[in-house]
1. Which pairs turn up if I take residues in segment 6-29 that are part of a strand (DSSP E or B) and look for partners that are at pLDDT below 90 and exposed (fewer than 11 other Cβ atoms within 10 Å of the Cβ) with beta carbon separation below 9 Å, at least 6 apart in sequence or on another chain?
2. Which one of Lys153, Lys128, Lys160 is without any contact (Cβ under 8 Å) to a residue 60 or more places away in the chain, under 17 Å from Val101 (Cα atoms) and of a type outside the set (Ser, Thr, Tyr)?
3. Out of segment 180-195, which residues are part of a loop (DSSP other than H, G, I, E, B) and surrounded by 10 or more Cβ atoms within 10 Å (Cβ to Cβ)?
4. Is there a residue in segment 210-230 that is over 22 Å from the mean Cα position of the chain (by Cα), in a loop (DSSP other than H, G, I, E, B) and in contact (Cβ under 8 Å) with a residue 60 or more places away in the chain?
5. Pick from Leu198, Leu206: which is over 15 Å from Leu243 (Cβ atoms), in a helix (DSSP H, G or I) and touching an Asp or Glu at 6+ places or on another chain (Cβ under 7 Å)?
6. Looking at (1) closer than 29 Å to Ser27 by Cβ; (2) surrounded by 13 or more Cβ atoms within 10 Å (Cβ to Cβ), which one does Arg84 not meet, given that it meets all the others?
7. For the subset of segment 41-68 comprising residues that are modelled with pLDDT under 90 and surrounded by 18 or more Cβ atoms within 10 Å (Cβ to Cβ), which member is farthest from Ile10 (Cα to Cα)?
8. Could you identify the single residue in Tyr23, Tyr4 that is aromatic (Phe, Trp, Tyr), out of contact with any strand residue (DSSP E or B) (no Cβ under 6 Å at 6 or more places or on another chain) and modelled with pLDDT under 95?
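The values are calculated or read from the model by the stated rules, or taken from the named source; none is laboratory data. Because the structure is a prediction, the values reported are computed rather than measured. Note that each Cβ is placed from the backbone with ideal geometry, even for glycine, and that neighbours are counted across all protein chains shown.
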Amino acid sequence: MNCYRIQRMIESTKGIVFQSVKYSETSIIVKILTESRGIQSYIIKGVRSKKAKIKTALFQPLQLLEITANHRENKDLNFLKEARVSFAYQSIPFDMQKRSVLMFLTEVLVRSIKEESANQTLFDWLWKSLIWYDLAASPGADFHLVFLIQMSKFLGFYPKNPERASGYFDLQEGVFINSEPPHPHYISGVFTEMFHQLLLTSFNSLGNLSFTSGQRRKLLNTLITYYQLHLTGFGELKSLEVLQQLFE
């Protein structure tokens with residue numbers, strides 16, 4: 001008779017909620033980007049019951065948590081034992097524009113980040129970016145554009161020569177070039193200049209951007225195409241139309 005022992009580890013870590021789905025009448029499964037283990041899925045039993053110690057409200061998209069979980073070796077689904085809010089959003093729950101932006105960013109993040117291993121620099125950047133956006137009194141209408149540009153650094157396809165703004169930007173190769181590429185995935189002219197301006201913009205300098213709604217729509221569509229070209233299975237975004245209507 002073969003006997004073996006399942007290795008278990010109780011671990012506490014920071015986590016950013018990506019999504020939650022109903023598992024049974026009283027339980028849910030949540031996908032969380034953790035600081036220590038990357039993307040992890042957890043089952044939380046009894047969370048939908050009236051006597052639940054952990055409330056479902058904790059698992060709103062992009063909620064910033066401190067969690068304690070029971071990790072089992074080589075298991076895709078583990079058990080969440082404890083969870084509490086690490087940083088309570090001050091403005092996002094009450095601001096329709098910010099909530100809509102976060103809904104869009106949640107979908108982008110779920111489609112972009114798959115790794116089940118720690119990525120400390122990505123996690124720290126995302127954690128700090130969300131807090132910055134919540135605390136910003138007037139972040140403007142272009143936070144999501146700069147967010148997408150900055151995140152491409154951690155995903156491996158940030159433009160290769162950001163210091164050089166040539167006449168064309170090749171979305172397929174991720175590089176500024178002087179002549180039109182032999183494929184349709186590129187931008188040119190004024191939109192190349194605007195795209196380059198995004199590369200030079202930090203969250204704190206968002207106020208320097210002055211795009212029209214049409215330009216903003218074009219830049220967003222360009223960035224989504226850029227992600228689709230570099231991330232297999234990225235697909236079409238369901239939340240895109242809502243976001244575009246918001247900034248018309």
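1. Final answer for the pair search is Arg8/Glu73; Met9/Glu73.
2. The conditions single out Lys128.
3. Matches in segment 180-195: Glu180, Pro181, His183, His185.
4. Checked against the condition, which is being over 22 Å from the mean Cα position of the chain (by Cα), in a loop (DSSP other than H, G, I, E, B) and in contact (Cβ under 8 Å) with a residue 60 or more places away in the chain, segment 210-230 yields at least one hit.
5. Leu206
6. Single failed check for Arg84: (2).
7. Among those residues, the one meeting the criterion is Val47.
8. Tyr4
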